[in-house]
Amino acid sequence: MIRKIHAFLALILLSFISNPLSAETVTINIKDFLFDPGSKTINLGDSVKWVNQDSFAHTSTSDTNLWDSKNLSSGASFTRLFDKAGKFTYHCHIHPDMTGTIIVRTAEQARIKLGKDIITANPKQLPIKLNLAGKNTDQVYLGSYIVNAQGACADCHSCPTYAEGHDPYKGEPKQFNTAGYLSGGRAFGPFTSANITPDSTGKPAGITLAQFKNLLRTGHDPHAPENILQVMPWPIYGMMSDHDLDAVYTYLKSIPPLPTPAANCN
């Protein structure tokens, strides 16, 4: 039963991989004959709302004829959905010197940004210091997104998952338990989650990248190859691409090494 529940939850979490962020509507104010801000970076699927706060009419007109708000009187607004990544420049048709730029991140870039924000943005949800030396930072932060926002790895591999006073299930502001982050020790009946932080050689859980991928795709732990892992939803995670598994492994290499807890928790 436990194994089925965790596999089901993992499937739900990984189903969001093609739509990593909730769409938002960002506002660009038109005032003092300027677009404010003049350049705005958004995520794929976000919308931009231009609001005219001047006493004169203005437009938001694409330089490549993708959109035209027509004349916006004072207080009027215009909204457009951006469903393609890229750089989009625009101007005011009435006052051509007024120009602006919208930069739309790819879905991958959006995941990387969120993965970084989890660790660096305030209020910090995971205040740990990553070892980024010699690593591709985009790959590390993509791994952070998959591990923390998608795979829910800390739910099983941290004991407990959240820091004291920071359990969102109690209505508290969320913050991961950095003292035991991914160091294992959570009991599931006769099984205990593993410590997947770097060992003394820098390898997560003491295994190589090839062993890591094989573990997630076959369920065979190189430390006990005769057994098939139970509880852990490796049949689901194993369907991930090499690209994503590489990112997860690189992220796990970058997190602080921690000892396995002396006592298990449930």
Give the range 54-72 a look and list any residue that's within 38 Å of the chain's Cα centre (by Cα) and in a loop (DSSP other than H, G, I, E, B), or say none.
D54, T59, S60, D63, T64, N65, L66, W67, S69, K70
Which pairs do you get when a residue that is over 18 Å from T161 (Cβ atoms), found in the range 252-264, comes within reach of a residue that is β-branched (V, I, T) and not in a loop (DSSP other than H, G, I, E, B), reach meaning Cβ atoms under 7 angstrom, with the pair 6+ apart or on two chains?
S254/V140
Identify the single condition in (1) surrounded by 19 or more Cβ atoms within 10 Å (Cβ to Cβ); (2) in a loop (DSSP other than H, G, I, E, B); (3) in contact with a Lys or Arg (Cβ under 7 Å, 6 or more places away or on another chain) that C156 does not satisfy, given that it satisfies every other one.
(2)
Please indicate, with yes or no, whether at least one residue in the range 19-39 is at pLDDT below 95, farther than 17 Å from T99 by Cβ and of a type in the set (G, A, S).
yes
Exclusive hit being out of contact with any strand residue (DSSP E or B) (no Cβ under 8 Å at 6 or more places or on another chain), surrounded by fewer than 17 Cβ atoms within 10 Å (Cβ to Cβ), hydrophobic (A, V, I, L, M, F, W, C) and closer than 23 Å to I207 by Cβ, set A194, A133, A187, A107:
A133
Please go through (1) over 24 Å from I112 (Cβ atoms); (2) in contact (Cβ under 8 Å) with a residue 12 or more places away in the chain for A210 and return the number of the only condition it doesn't satisfy.
(2)
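The values are calculated or read from the model by the stated rules, or taken from the named source; none is laboratory data. Note that this is a predicted model, so its numbers are computed, not measured. As a convention, Cβ positions derive from the backbone with ideal geometry for all residues, glycine included, and neighbour counts pool all protein chains shown.
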